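Undergrad: Please find one structure pasted underneath; my questions will follow.
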Amino acid sequence: ISSSRIIRLPGLIDTHVHMRDPGQTHKEDFSTGTAAALAGGVTLVCAMPNTNPSVTNEKSLSIAKERASRKAYCDYALMMGATSNNSESIPSYSNKVSGLKMYLNETFTTLQMDSVVDWAAHFRNWPKEAPLCVHAEGRTTAAAILLAGLHDRRLHIWHVARREEIEIIKAAKLKGMQITCEVCPHHLFLTKEDLSQIGQAKGQGRPHLVTQDDQNAL
């Protein structure tokens, strides 16, 4: 490759990947996922906890760490999953994981929590210096931001897809709240109008593909 100029960039960090390891390695595992990451210039990945078993306690965290240490080709970190009954048992592992993930809406997981009482327990107990992240869609986003404000803590909101979500996040940030968020590339380039061409099955990720108006807001 000949070039008059070479630009050196730092390795990218992907804070939200699904390795499906253990439990669904026919879809992905740490070897295939991290090899693909390196091929795209990503040198650190943060793996989500909705595996089988889910990463929610010391035993399941040890299983995930063993799989990652044996298979991964790039740097990695593991997220821990919140449940309705582990808010008091997992804070001691906050320095061993990249953060806590709370599933507040339906998705491909057994970790969905429906009770605001359970949410509040994690907002209260998870150490404030450790990242707390939520899968929250629609009005659930506003509820999570409210809890963050009540407990005076930082909050990261995964894969924002809709106008109502991004606008409430923007309003919270303008008020000085410590809220961050991310947007997936496919929500910036595809809408539900594209499903007739790409196929319904490819629109079944969570959150779903949404409207052109939502995309414009993002």
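Undergrad: Yes or no: Arg163 under 24 Å from Ala47 (Cβ atoms) and crowded, with 16+ Cβ neighbours inside 10 Å?
TA: No; evaluated as a whole, the condition is false for this residue.
Undergrad: Also: Does at least one position in segment 119-132 carry a residue that is crowded, with 21+ Cβ neighbours inside 10 Å and either of a type in the set (Asp, Glu) or without any contact (Cβ under 8 Å) to a residue 12 or more places away in the chain (or both)?
TA: no
Undergrad: While we're looking at this one, here's another question. Which condition number in (1) closer than 20 Å to Asp214 by Cβ; (2) touching a helix residue (DSSP H, G or I) at 6+ places or on another chain (Cβ under 8 Å) is the one that Met177 fails?
TA: (1)
Undergrad: Of a type outside the set (D, E, K, R), surrounded by 19 or more Cβ atoms within 10 Å (Cβ to Cβ) and in contact (Cβ under 8 Å) with a residue 40 or more places away in the chain - does that describe any residue in segment 35-45?
TA: No, that holds for no residue.
Undergrad: Those residues that are in contact (Cβ under 8 Å) with a residue 60 or more places away in the chain and outside any loop (DSSP other than H, G, I, E, B), I need them from segment 133-155; list them, please. So that I can check it myself, show each step before the final result.
TA: Initially, segment 133-155 is screened for residues in contact (Cβ under 8 Å) with a residue 60 or more places away in the chain, giving 135, 137.
Matches in segment 133-155: His135 only.
Undergrad: So, in segment 16-34, how many residues would count as being buried (at least 18 other Cβ atoms within 10 Å of the Cβ), touching a residue at least 40 places away in the same chain (Cβ under 8 Å) and outside any loop (DSSP other than H, G, I, E, B)?
TA: Adding up the residues that qualify gives 2.
Undergrad: Let me ask something additional. Report whether or not Val55 is modelled with pLDDT of 95 or more and closer than 21 Å to Pro207 by Cα. Let's see the steps before the verdict.
TA: Numbers: modelled with pLDDT of 95 or more: yes; closer than 21 Å to Pro207 by Cα: no.
So Val55 fails the test.
Undergrad: Same structure again: Here is a check on your reading of the model: is Thr140 more than 16 Å from Lys101 (Cα to Cα), among the β-branched types (Val, Ile, Thr) and at pLDDT 95 or above?
TA: No: the conditions fail for Thr140.
Undergrad: Further question: Could you tell me which residue of segment 95-118 is nearest to Pro49 (Cα to Cα), considering only residues that are open to solvent by 20 Å² or more (accessible area, probe 1.4 Å) and not in a loop (DSSP other than H, G, I, E, B)?
TA: Taking the candidates together, the pick is Gln112.
Undergrad: Something else about it: Show the residue pairs that are 6+ apart or on different chains and have beta-carbon atoms under 7 Å apart, the first residue being within segment 182-206 and farther than 20 Å from Leu218 by Cα, the second being exposed (fewer than 12 other Cβ atoms within 10 Å of the Cβ) and small (Gly, Ala, Ser).
TA: Pairs that qualify, where the first residue is farther than 20 Å from Leu218 by Cα and the partner is exposed (fewer than 12 other Cβ atoms within 10 Å of the Cβ) and small (Gly, Ala, Ser): there are none.
Undergrad: Now a separate question. Consider segment 184-201. How many of its residues are within 19 Å of the chain's Cα centre (by Cα) and either surrounded by 13 or more Cβ atoms within 10 Å (Cβ to Cβ) or on the phi > 0 side of the Ramachandran plot (or both)? Lay out the reasoning, then the answer.
TA: First, pick out the residues of segment 184-201 that are within 19 Å of the chain's Cα centre (by Cα): 184-188.
Within this subset, residues satisfying the condition of being either surrounded by 13 or more Cβ atoms within 10 Å (Cβ to Cβ) or on the phi > 0 side of the Ramachandran plot (or both) are 184, 186-187.
Qualifying residue count for the region: 3.
Undergrad: Oh, and also: Would you tally the residues in segment 70-94 being open to solvent by less than 70 Å² (accessible area, probe 1.4 Å), closer than 14 Å to Met19 by Cα and either among the charged types (D, E, K, R) or not in a strand (DSSP E or B) (or both)?
TA: Total satisfying the criteria: 3.
The values are calculated or read from the model by the stated rules, or taken from the named source; none is laboratory data. This is a predicted model, so every value here is computed, not measured. Glycine also receives a Cβ, built like all others from the backbone with ideal geometry; neighbour counts cover every protein chain displayed. When the accessible area is computed, the model is the full protein with side chains, heavy atoms only, and any ligands, DNA or RNA have been set aside. Shrake-Rupley method; radii C 1.70, N 1.55, O 1.52, S 1.80 Å.
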